[in-house]
Structure formats: C-alpha cells, structure tokens
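*Asks:* Have a look at this one.
Bear in mind these aren't lab numbers, they're just calculated from the coordinates by the rules spelled out. Worth saying up front: this structure is predicted, and the values here are computed from it rather than measured. Note that each Cβ is placed from the backbone with ideal geometry, even for glycine, and that neighbours are counted across all protein chains shown.
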Amino acid sequence: IINGGTSTFMMGEFLVKRNISVLTNSMYLANYLAENGSNQVTLPGGEVYRKQGLILSSFENDTIQYYAGKKMFMSAQGIGAEGIMEADPIIVRAEQKLMNRAEQVILLADSSKVGRSSNFIVCPLTKLDVLITDTGADPAILKKIENAGIKVILVSAKEEELANTDLEEY
C-alpha cells in the first residue's frame, strides 16, 4: 500500500523491478508502474484531485476496506511529537483508511519534514513502525522518535551512498 506524495513516488523506480501487487491512491505512481513494470496496480475508487495527483473518497465505505497489505509506505507534511501530520483533512482521512489496511506503516520523509508541524494529525507516533529519512534530520528529534519505539533508518542524500544503503527488507 503506497499513498500519494513526492517521496513515495520516488519508490517507483525500485518497484518496477519487482512483481508485486500495489494499492495506491497516486495517479502518478499508478501510471508509472503500469507503463514501466509488471506489477499489479490497484487504484481505490473516488474523485480525482488533479493538483495532488490523487484519487480520494470522502465516503467511509469505499473499496479500500476490501484490501489488505503487509506494508504501507507513506509520506507526510511533517513528523514530530504530535505524530504524523498533513495539511488537508481529506488526505488525512484517506491515509488513515490506508493505514488501517496495513500490518506495518513506514514513513518516507526527507529531513525537512522531521520536526515540522502541519494543520492536521494523521496519527500518533504509536501507529508508525519505521521512519526512513536522510542524515540531515535533527538528531534530537530523531532520538525522541526512536524513544517512542519507532525504527529510524537514515540514508545519505548523496546518490552514490544511497545506492549502497541496504533497504531491501523494506
């Protein structure tokens, strides 16, 4: 399960090398995977939000309730003591629905999002299993996140070092 966002879209180049089932609300990621790989790609029903490139439903009972996934990869506007944050209440609701369908929640957030707040709380830190961020993140905030029981994985922003980072298990 992969929500829409720039960080999660970047997973596309790695996902096309696999043969997996992907549920995503990102039109951009779905299109990329469909054109470049052999993954099974599923989009939930809802309205197209062109600006964000998302398909979202404001209805409680939509097709998401029929899916299950081992992992959910998500992005966010921010993460801090309050939890995972977003700026739009419809996006918050969509992310919550997707999170409820996954066994493990993994947040992909560049260092500028660590310690950053936004308008709405998607979930408390207790719902997050893993944070993957870059080495530019504030170490004091990362320590608080780790103390909340979340595995923190730091990757270098340098492309050659990123290629040597073992993220295979994720």
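*Asks:* At R0 = 22 Å, how high is the FRET efficiency between residue 13 and residue 112 if r is their beta carbon distance? Nearest 0.05 is fine.
*Replies:* 0.55
*Asks:* Now a separate question. Roughly how many debye, to the nearest 20, is the charge dipole of the chain about its Cα centre, given +1 on each Lys and Arg Cβ, -1 on each Asp and Glu Cβ, and no other charges?
*Replies:* It works out to roughly 320 debye.
*Asks:* Could I ask something else about it? For the stretch 36-163, what proportion of DSSP beta bridges, expressed in % and rounded to the nearest 5, is antiparallel?
*Replies:* 40 percent
*Asks:* Moving on. When each pair of different Cα atoms in the stretch 23-155 is counted once in the 1/r mean, what is the Kirkwood radius in angstroms, to one decimal?
*Replies:* 15.5 Å
*Asks:* Take the alpha carbon atoms of the stretch 81-114, find their center, do the same for the stretch 1-61, and report the distance between the two centers in whole angstrom.
*Replies:* So the two Cα centres are separated by 15 Å.
*Asks:* Can you tell me the equivalent ellipsoid semi-axes for the stretch 82-163? Use √(5λ) from the Cα gyration tensor, largest first, whole Å.
*Replies:* 22, 14, 13
*Asks:* Pull out the extension gain between residue 140 and residue 65, defined as 0.36 nm times the separation in residues minus the alpha carbon to alpha carbon distance; nm, one decimal.
*Replies:* Difference between extended and current length: 23.3 nm.
*Asks:* Can you give me the relative contact order of the stretch 1-86 as a percent, contacts being Cα pairs under 8 Å and 6 or more apart?
*Replies:* Dividing the mean separation by the residue count of the stretch 1-86 yields 30 percent.
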